[in-house]
Protein chains: 2
Amino acid sequence: MQDVAEVAGVSHQTVSRVLNGFENIRPETRDRVLAAISQLGYRRNAAARVLATSRTHAIGVLAPAVSDYGPTSAVQALERAARIAGYHPLVTTTPTDRAAVFSSLGFLLDQGVEALVVIAPHIRVLDAVRELELSLPIVTLQSTELGSGTGISIDQLEGAQLAMAHLLELGHRRIQHVAGPLEFFEAAARRHGYEATLAEAGIAPLPLYVGDWTSGAGYRAAAAISPDATAVFCGNDQMALGLIHGLTDRGLRVPEDISVVGFDNVPEAEHYLPPLTTVSQDFARIGELAVEVLLGQIAGGERAPVPAIDPVLVVRASTGPPRA
Amino acid sequence: MQDVAEVAGVSHQTVSRVLNGFENIRPETRDRVLAAISQLGYRRNAAARVLATSRTHAIGVLAPAVSDYGPTSAVQALERAARIAGYHPLVTTTPTDRAAVFSSLGFLLDQGVEALVVIAPHIRVLDAVRELELSLPIVTLQSTELGSGTGISIDQLEGAQLAMAHLLELGHRRIQHVAGPLEFFEAAARRHGYEATLAEAGIAPLPLYVGDWTSGAGYRAAAAISPDATAVFCGNDQMALGLIHGLTDRGLRVPEDISVVGFDNVPEAEHYLPPLTTVSQDFARIGELAVEVLLGQIAGGERAPVPAIDPVLVVRASTGPPRA
DNA sequence: GGCGCGAGTGTTAGCGCTAACATCGCCATT
DNA sequence: AATGGCGATGTTAGCGCTAACACTCGCGCC
């Protein structure tokens, strides 16, 4: 910066002012500085700025170590929103174990992030974060907790109820559920929605199958589907896909013999065979909301609880009336 | 740090030494320092370290703004590998236009990244990067260029040839290709492989359909499949999925009436209906290789060209002998 | 017993930037 | 013509750390 100042014949402080868009700089001076900068190919040192201002403008993001559509989309939307607001995300992906979460969080804290987004679909991750009692603005994503106003997420209960209501409306009464691992908030909430909706309709649930979110688990679940079930509500689209495959291998037709509903509405769901009826979640929106909330908190605003976002049911061809 | 030093009754430099794992520190002193650190909940300021050492230990990653399985997996593997080596990735996602690439790159450079990973499947991204003539260690991913030794990628030509050889071996002669956008290196290379293999077998190619990688494009492509084609080689799995859907809607059975091959081997491909024959790419490997190469360069080593990684054909149920 | 040596620690000087204050003209005002 | 004010710029100090060098012991050696 000193070099630039000399070339432009000004003080380094003036260079700093130009770079920071201060007013009260003679246009002519500004031009000379700008010219010197581009002539020298100067880039200002971010570390020194951070040190001098004690502002990093960094938002830490703790993301699960998966390449699933949901978290990935949310992180990308978040990045875009943060950048527009003059912040940049520092993303670390982490397994769910406590030590890994601590280490990732430690890294982010060392880097001086001003706020934290924790994508914590898994209970262990949330517990680990809670244990740390961090004192910076923090928002948790996808960790729906029944009755807790904290965090930002899509209303999983509502989504499950949407799916179940659709099946009930079609006339299904014997509906089975293929859940994700129940340590995942979303899996637990969807299961709860499944049971609550059935209970309300006065119907007993069929045995639960707990998978691991993968299509392979869905495939294996097919063997566990009870012979008199006429519909299956799956915890996500991947498992629904695998389930349909497994059911097909068993000689069952979807939806003629058995209906299947998924959850997430991944981009491919539209072209599964049959095209999948599923619950659509606006992942990008939660990423944007996270940034909004955090910036509000950084600016010192009060933290108002964010209402859960409503999912939308997308009816396609994998559901139909039950066989007679 | 000064506070810690006082509590421990040493100089701040000794604290620094403990933190940096220096030898020649009396165990007793070290313990006192460590105790003071945890008592005060002290975290060292990364920006100050960077400023003092002029080492950021950051690796910039320029990734495409998509949530596809390939780039996502590569980035995750890269992150893991970098972190193990004591580096951390700074990921920016960017659209393919020149201005956006410049701005993302500018950000990374400002942050003082010591090396750059550019995931540049798109020709415009690579061009923009080249234009900048950066002088730091840099590696490009997924930008296969015929005959160029630079960059790390999976051998797309080989993959396409694998797929085509499989179809030819089954007895197919009228094979069509559904390509991705041809500004993508991978799309171009796969197309080239398609044509080269046919040429070698003395067979004329059928009209090309160029899609946009999405399953929707695959679905639309179905309408453009020539009536006498007995097999289709798709540029990726998503398009293959859509294509199968479209063909099914046209009353064609896969593979009885027409065989379909995909590319990528996404985790769900195994459970598509029918399970998809496809070319498997080890995305994680290229992420790891990128880190390996860059660390070598940072350490001052010579840059040896990295041979392309061989993909593997996975034969499933979407391909079979042509109808008589 | 003085000397050299090295282990263990302290002191000092920046890294490159910004904040705060200081300065210098020049204009409008009285 | 002296004065206040403000726009435009310069000067100084310090953000929190590490590198380089300085120092102080205690030990083994001749």
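All of B:A224, B:A217 fail the test of being within 11 Å of another protein chain (Cβ to nearest Cβ) and among the aliphatic types (A, V, I, L, M), apart from B:A217.
If the requirement is being assigned to a helix (DSSP H, G or I) and over 21 Å from the mean Cα position of the chain (by Cα), which of these qualifies: A:G251, A:G246?
A:G246
Within region A:258-270, the residues that satisfy the criterion of being within 21 Å of A:A217 (Cβ to Cβ) and not in a strand (DSSP E or B) are A:I258, A:G262, A:F263, A:N265, A:V266, A:P267, A:E268, A:A269. The number of residues in region A:227-243 being assigned to a helix (DSSP H, G or I) and of a type outside the set (A, V, I, L, M, F, W, C) comes to 3. The selection criterion, being under 30 Å from the mean Cα position of the chain (by Cα), more than 16 Å from A:P274 (Cβ to Cβ) and not hydroxyl-bearing (S, T, Y), does not hold for A:V232. The condition (being in contact (Cβ under 8 Å) with a residue 12 or more places away in the chain, within 13 Å of chain A (Cβ to nearest Cβ), in contact with a Pro (Cβ under 7 Å, 6 or more places away or on another chain) and buried (at least 21 other Cβ atoms within 10 Å of the Cβ)) is satisfied by just one residue among B:V254, B:V260, B:V266: B:V254.
Scanning region A:271-295 for residues that are among the aliphatic types (A, V, I, L, M) and either within 13 Å of chain B (Cβ to nearest Cβ) or in a helix (DSSP H, G or I) (or both) returns A:L273, A:L276, A:A284, A:I286, A:L289, A:A290, A:V291, A:V293, A:L294, A:L295. Hey, can you tell me all the residues within region A:184-212 that are within 14 Å of chain B (Cβ to nearest Cβ) and either buried (at least 23 other Cβ atoms within 10 Å of the Cβ) or in contact with a His (Cβ under 8 Å, 6 or more places away or on another chain) (or both)? Residue satisfying the conditions is A:G211 alone.
Scanning region B:152-187 for residues that are more than 18 Å from B:S280 (Cβ to Cβ), small (G, A, S) and in contact (Cβ under 8 Å) with a residue 60 or more places away in the chain returns a single hit, B:G171.
Of all residues in region B:16-32, those satisfying the criterion of being within 9 Å of DNA strand C (Cβ to nearest atom) and over 18 Å from A:D110 (Cα atoms) are B:F22, B:E23, B:N24, B:I25, B:R26, B:P27, B:E28, B:T29, B:R30, B:R32.
Kindly check whether there is at least one residue in region A:20-31 that is within 30 Å of A:R124 (Cβ to Cβ) and more than 10 Å from every other protein chain (Cβ to nearest Cβ). Scanning region A:20-31, I find no residue that is within 30 Å of A:R124 (Cβ to Cβ) and more than 10 Å from every other protein chain (Cβ to nearest Cβ), so the answer is no. Residues in region B:43-64 that are away from DNA strand C (no atom under 16 Å from the Cβ), without any contact (Cβ under 8 Å) to a residue 60 or more places away in the chain and more than 9 Å from chain A (Cβ to nearest Cβ): B:G60, B:V61, B:A63. Of all residues in region A:17-49, those being within 41 Å of the chain's Cα centre (by Cα) and within 8 Å of DNA strand D (Cβ to nearest atom) number 4. When A:R124, A:R130, A:R98 are checked against the criterion of being away from every other protein chain (no Cβ under 14 Å), more than 15 Å from the chain's Cα centre (by Cα), under 20 Å from B:Q76 (Cβ atoms) and not acidic (D, E), A:R124 stands alone in meeting it. Scanning region A:75-95 for residues that are in contact with a Leu (Cβ under 7 Å, 6 or more places away or on another chain) and more than 9 Å from every other protein chain (Cβ to nearest Cβ) turns up A:A85, A:T94. Only one of the numbered conditions (1) facing another protein chain (nearest Cβ under 10 Å); (2) within 16 Å of DNA strand C (Cβ to nearest atom) is violated by A:S67, and that is (2).
Every number in this text was worked out from the coordinates using simple rules, so none of it is lab data. Bear in mind that the values here come from a model prediction, so they are computed numbers and not experimental data. No Cβ is skipped: glycine too gets one built from the backbone with ideal geometry, and neighbour counts run over all protein chains shown.
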